[in-house]
Amino acid sequence: MSGIGLVMEGGAMRGMFTAGVLDVLMEHGIAFSAAVGVSAGAAFGCNLKSRQIGRVIRYNKRFCRDKRYCSLCSLLKTGDLFGADFCYREIPEELDIFDKKAFEENPMDFYVVATDVFTGKPVYQKLEKVDERCYRWMRASASMPMVSKPVEVDGYTLLDGGMSDSIPLRFMHRQGYERNVVILTRPRDYRKKPENVFLLKTMLRDYPAMIRVMAHRHEHYAFQRDYVFGSERAGDTLVICPDEPLNVSRVEHDPEKLQGAYEEGRRIALRELEKLRAFVQ
């Protein structure tokens, strides 16, 4: 298949880095034939298809301290750290409107990744029409284990796609996209540590497949990063990532830190702009 693909890693509020990169890409008319997002890469990356420059940083700064958006209060009341109704209905439908028409008219294919809680395998879904089902797929992709309820959609029971396929470059290769830009939210030298297995067994006792996947996630993640950088050395992939760890937590409530991660994404994208242009052309 011809065209250039885009792969967007997750990382919760580290996704502000991705948002900064995407805004620069849109501002300079750099487009892709297809994109795949995982977790925050899906929830924030969909704004690339709807061509809404600035929307991600705008609504995150506006609502990051709102208990309905992300809080222990939301977790205790609803079972979701990130409030499902507030994040995936009230914000896009009422408070900061998601441009459904632009999303649906953009010819770029857009995929999200979630994890089947009963098999531990990744599930890939192409999203074309913005409706309640579309929002459920995005929410499923970003529903972090232990602080989110599994999401039921299309016969699946799903959680965060980052548990099973954090950087789905191989998926894009299987779709026929041999050349891809990959946006990572960790520096090149990052190494993931093993999860607390005791905590996993306690919190996910109803989903043994998820326990197995998460117990070995650091190994899978290392393999995926090696695959990405190997593809980069071969000349088929262009990697965009922070130079240093981002000064932002996964559930950051400080608007200035969110802005800082966003600005870092913009800085790196502008620095690599000519390389990006040459790669996609």
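The values are calculated or read from the model by the stated rules, or taken from the named source; none is laboratory data. For clarity, every value in this text was computed on a predicted model and none was experimentally measured. In this analysis, Cβ positions are derived from the backbone assuming ideal geometry, glycine residues included, and neighbour counts consider all displayed protein chains. Please note that ligands, DNA and RNA were not included when accessible areas were found on the heavy atoms of the full protein model with its side chains. Shrake-Rupley method; radii C 1.70, N 1.55, O 1.52, S 1.80 Å.
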For helices (runs of 4 or more DSSP H) lying entirely in segment 168-251, having 1 or more residues that are in contact with a Leu (Cβ under 7 Å, 6 or more places away or on another chain) and modelled with pLDDT under 95 picks out 208-215
Scope segment 172-204; condition out of contact with any strand residue (DSSP E or B) (no Cβ under 6 Å at 6 or more places or on another chain), farther than 25 Å from M13 by Cβ and surrounded by 12 or more Cβ atoms within 10 Å (Cβ to Cβ); matching residues: H173, Q175, G176, E178, K201
If I go through segment 205-234 residue by residue, how many of them are over 20 Å from the mean Cα position of the chain (by Cα) and open to solvent by less than 30 Å² (accessible area, probe 1.4 Å)? 5
How many residues are assigned to a helix (DSSP H, G or I), of a type in the set (A, V, I, L, M) and open to solvent by 10 Å² or more (accessible area, probe 1.4 Å) when one looks only at segment 13-39? 1
Checking D80, D66 in turn, the sole residue that is under 21 Å from K149 (Cβ atoms), open to solvent by less than 20 Å² (accessible area, probe 1.4 Å) and either touching a residue at least 12 places away in the same chain (Cβ under 8 Å) or not in a helix (DSSP H, G or I) (or both) turns out to be D80
Consider only pairs whose beta carbons are under 6 Å apart and that are at least six residues apart or on different chains; among these, list those whose first residue lies in segment 10-32 and is without any contact (Cβ under 8 Å) to a residue 24 or more places away in the chain and whose second residue is open to solvent by less than 10 Å² (accessible area, probe 1.4 Å). none
For segment 124-142, enumerate the residues that are open to solvent by less than 50 Å² (accessible area, probe 1.4 Å) and among the basic types (K, R). R139
